[in-house]
1. Restricting to the stretch B:51-66, and then to whatever is assigned to a helix (DSSP H, G or I) and modelled with pLDDT of 90 or more, can you tell me which residue is least open to solvent (accessible area, probe 1.4 Å)?
2. Quick check on this structure: which one of B:Ser219, B:Ser187 is exposed (fewer than 11 other Cβ atoms within 10 Å of the Cβ), free of Cβ contacts under 8 Å to residues at least 12 places away in the same chain and within 20 Å of B:Thr42 (Cα to Cα)?
3. Inspect the stretch B:60-75 for any residue being over 23 Å from B:Asp143 (Cβ atoms) and touching a helix residue (DSSP H, G or I) at 6+ places or on another chain (Cβ under 6 Å) and give the result as yes or no.
4. Report the residue count in the stretch B:272-302 for those that are open to solvent by less than 10 Å² (accessible area, probe 1.4 Å) and within 11 Å of chain A (Cβ to nearest Cβ).
5. Confirm whether B:Tyr148 is modelled with pLDDT of 80 or more and open to solvent by 60 Å² or more (accessible area, probe 1.4 Å).
6. Go through B:Glu268, B:Glu318 for me and flag whichever is more than 23 Å from A:Gly116 (Cα to Cα), within 14 Å of chain A (Cβ to nearest Cβ) and open to solvent by 40 Å² or more (accessible area, probe 1.4 Å).
7. Of the residues A:Glu157, A:Glu130, A:Glu178, which is within 14 Å of chain B (Cβ to nearest Cβ) and among the charged types (D, E, K, R)?
8. Name every residue in the stretch B:244-256 that is under 18 Å from B:Ile371 (Cβ atoms) and open to solvent by 50 Å² or more (accessible area, probe 1.4 Å), in order of residue number.
Amino acid sequence: MNNNILLQANNLHKTYQLDMVRVPVLKGVDLQIKKGEFVTIVGVSGSGKSTLLHILGALDQPDQGSVTFNQTDVFTAPDTYRDDLRNKAFGFVFQFYHLLPELTVLENVTMPVLIGSTVGNWLGQSRVVEDHAKGILTRLGLDHRIFHLPGQLSGGERQRVAIARAIVNAPEILLADEPTGNLDAATGKQIFQILLELNRTGQTVIMVTHDTELARQTHRIVKLHDGKIVN
Amino acid sequence: MKIVDSATPVIYTAGLLRVQNPDRTNTVRIEGIDLAGHLAVTKFGSGLHRYNKNPKSVTLSKPAQPPDEPDAEKLYGLIYGLDISGFSYRDPDGVYQRYIHNYTSCMISVIPLTISGKIMDAVTPARTQKFYMVDDSRTKVYDIDANYVYVDFNVLQKMLYMDEQQTDDNRTIPARTTQIHIKVKPSVPINDQTLKTISTAWFDYSDGLDDSDNSLLKSVEVNRWETYNAPLISAVENEKRLMIMLFGIISIVAVFLILAIFYMIVVEKTRDIGILKSIGASAYQIAAIFLAYGGVIGFIGSILGTILGYYFVEHINEFQNWLINVFGWRVWNREVYAFDEIPSRVEPWDVTIIIIAAIVASIIGALVPAIRAARMNPVEALRYE
């Protein structure tokens, strides 16, 4: 593993306002993610794991502190930069899959490429992109599900589609928010094996999980407690 | 004149029309026309019943007798308005049943007026002449068809003493007419300039006449058909304006309806919006999805609306007849609106404006929900249930 720092969070603070109550979730988090690392963020419910992952992935903004990606401050850059990061540099996998229910498996997987293209580009390259997406789906054992709708798939299959969508643009970091949390133990293990396999091929992975058994198999565990990282 | 295609004199007067079978007397307006000239200048011929079947069978300018009655007296012909009370029955489908037989005799009574408009004292106040009713006219303007009869110009001119007269002091009063109908050439636009040209030509002509009472000639006005018939047209125009206003209000309501529907769609699709944002969709792209959706709905709606609207307008009178037959609902009362049928015409320019307005209205309706969707926080959107 090299020492190149890909993503760096400095003194992150985040507070949610719930009606009249202010709930501080992150209270000064510093974190560095190196290229090729597989980092798991663990902690009890409400410790701020998902919030931290969302901020690292430019889905949410911190109240205070900064995140830099490849030496660029993510939150002082324009909106288009963050849109671009989410589209090309980051790939998200969620606990509840979050696939578009009206689209087929193939359409869900090619969606990030479509979003990142102009109409002209897409018309020119759609066939190539579809072949690329089919290749990923085949690798993940979903070649027979390409034209099915998400509603016709099992939980494990849906999560594999979500992984395929997350990696279709070859992102620099894969962010997984409890990817096994909605699956039975055996299926969860299969999904985790896919993430491990991706990491072995050089994919940087940040995963939020409750499962310490899975976390132990990764390079580094970051434990959050009461909005702070603890050893 | 280079701009005039044809012209014909017309005399207008009021009188009584008496028919013995069916026995009735109607107050009517009488138009003295030169039939050939009138047919050339106006579209009068298209509404004549018998003339259109056999043009030679209708003559106003020569006394004639019924073809199968050689011993009958010879009389001048008269054309009557088809909607004159008691002469016909119009069923709800707009089909007429005629009660007047061909060559039914009738009496016309008129009151001759002097050149200054007074009742002539020197002669019997009313002059009556017998005619044969040789045809009926349907201009589709109810007010005209229910009140007018047409006789030969020269015959009516003589009845009214409007032909050339010799006064006691040996003065000659020239023959008179009430109006001259002018048809301009198809290439000539009917605008103020054209009216002015005709007016100038008229006054140049009248100045050269050796007429002791030139003031009458000076009072001639040149107007277009629409100006003379403004009272008839304005009722329909007002109705049209009212309809535009009503449909305008409906369109505004439709915009709010689209807004409400799109707002619900955005709420329903909140999680999908979050998903799209999480994989890199920008606020503009999210807004564009909903705006394009609004535009497509507006486009499809306006195309369907154009097809249905065109069909409806083309068959509006048949539709009204159907309403009368089935429900007894009369939407268009021809006695109120003067026109016999609902006047309808599809204006391509109006249709184009309405199509564009419909698409723009749909996009405007989708705008607020689109902005709301674009501004959604992706994390909150993903958590939405």
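The values are calculated or read from the model by the stated rules, or taken from the named source; none is laboratory data. Everything numeric here is computed off the predicted structure, so don't read it as measured data. Reconstructed Cβ throughout: ideal geometry from the backbone, glycine too, with neighbour counts over all protein chains shown. Heavy atoms of the whole protein, side chains included, go into the accessibility calculation; ligands, DNA and RNA do not. Shrake-Rupley method; radii C 1.70, N 1.55, O 1.52, S 1.80 Å.
1. Restricting to residues being assigned to a helix (DSSP H, G or I) and modelled with pLDDT of 90 or more, the top hit is B:Tyr51.
2. On the way: B:Ser219 fails: within 20 Å of B:Thr42 (Cα to Cα).
Going through B:Ser219, B:Ser187 in turn, just one is exposed (fewer than 11 other Cβ atoms within 10 Å of the Cβ), free of Cβ contacts under 8 Å to residues at least 12 places away in the same chain and within 20 Å of B:Thr42 (Cα to Cα): B:Ser187.
3. no
4. Selection size over the stretch B:272-302: 7.
5. The answer is no for B:Tyr148.
6. Numbers: B:Glu318 fails: within 14 Å of chain A (Cβ to nearest Cβ).
None of the other options fit; the residue is B:Glu268.
7. Values: A:Glu157 fails: within 14 Å of chain B (Cβ to nearest Cβ); A:Glu130 fails: within 14 Å of chain B (Cβ to nearest Cβ).
None of the other options fit; the residue is A:Glu178.
8. Answer for the stretch B:244-256, where residues must be under 18 Å from B:Ile371 (Cβ atoms) and open to solvent by 50 Å² or more (accessible area, probe 1.4 Å): just B:Phe256.
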